[in-house]
Every structure is written in C-alpha cells, then in structure tokens.
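The values are calculated or read from the model by the stated rules, or taken from the named source; none is laboratory data. Just so you know, these numbers come straight off a predicted model, no measurement behind them. Neighbour counts run over all protein chains shown; Cβ positions are idealised from the backbone, glycine included. These accessible areas exclude ligands, DNA and RNA; they are computed on the full protein's heavy atoms, side chains included. Shrake-Rupley method; radii C 1.70, N 1.55, O 1.52, S 1.80 Å.
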Amino acid sequence: MRDRVADVYGAERAGDGRVADADGSRHPSIVPYQAFPTRDGHLVVAAGSQPIWERLCHAIGRPELAANPHFADNSHRVQNRDALEVLLSDLFKERSTAEWTETLRSQDIPASPVNDIAAALELPPLRERGELPHRPAPRLGEHTDEILRSLGVDDSDFAGLRTRGVV
C-alpha cells in the first residue's frame, strides 16, 4: 500500500510517473505552503490561494513578486519552487518568528510558529487545562472481562472462551 501511495504522490507531483522524494513540510502542489527558518526559529506559511499569495507579497515587502512571471500563479510557483524558497527563506531569516507571525496574521495570511515541546505546553489550551494526569495504557487483556460482561457474556460463556483460547 505504501508503495502505491508513493507512486500516486510521485505521479501527481512530477507528472511523469517518477516517485518524488520526501518534501519535509512542503505541500506537494501549493507554493508557498511550508515551514521557513526565521531569525530565531521556524514559521509555517500557507499561501493556499492566489489572493493570499498576493497579500503575502505585500506583507513581506516584495509586492513585485506577485507580478513576476516565474511566481505569478501557483503553477509557475510550483515549477520555480526552489528559487522561490531560497528567496523567501533569506527574507524570513531577517526577522523573528513572533514578528513575522504578527505581520502575516494581521494581513489575514495563514501563518504559525513551529513550537518545540516546551513552547507548545505553554500555549493557552494546555495551560488552561492545568496539570494533566499520567494515564498509562492498559495492559493486554486488562479490561477484557469488564468489556465482555458489558456485552452480556456470563461466567459460563467466559469459561468456554478461555478453554478455546479466545480470551
């Protein structure tokens, strides 16, 4: 199954049946839609439509990119992905993740910092929940009797199931 998925992905991406390599955070057919390095971390930018791309160009101070024939529409951005990634990577490194996040979100451009575990644990949804109790996974068969009883299996049925090695 995995080979089939890779073949389909590769055919979609390359258009000629070649299997594509892993692309990290890149979206296979929308550019830019991935993580970029910033001065102090990484930022995911998702320009999933032409209007978002055009707003992104203005927000990053490069409005001319929207009219550049190499980047003017998504199909050209996909074809020229490598050149655009270099340009955007260099640009995003000029400011912090927080600065870019604020700038892009203020222009209604989907953007989010890539958080490490410590930063993720400080996000409001987790902080509001407080300390989460440790809940180990059940041991194999730990709840079998309870579940079967809830389904109406009685003691005589249990004995038969155990004799046959079902439980």
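Here are the numbers for the structure shown:
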quantity: Accessible-area order (highest first, 1.4 angstrom probe) of the listed residues Ser96, Ser49, Ser106; calculated: Ser106, Ser49, Ser96
quantity: Probe 1.4 Å, all protein chains present, accessible-area order of Ile30, Ile60, largest first; calculated: Ile30, Ile60
quantity: Extension gain (nm, one decimal) between Gln50 and His76, 0.36 nm per residue minus Cα-Cα; calculated: 8.2 nm
quantity: FRET efficiency, 1/(1 + (r/R0)^6) with R0 25 Å, evaluated for Arg129 and Val153 via beta carbons; calculated: 0.10
quantity: Rounded FRET efficiency, nearest 0.05, which uses the C-beta distance separating Ala137 from Ala98 and R0 of 41 Å; calculated: 0.65
quantity: Spin-label proximity, Leu91 to region 43-64 - amide N less than 11 Å from point 7 Å beyond Cα toward beta carbon; calculated: 53-64
quantity: Segment Leu121-Arg39, extension gain: residue separation times 0.36 nm, minus the distance between their alpha carbons; calculated: 27.3 nm
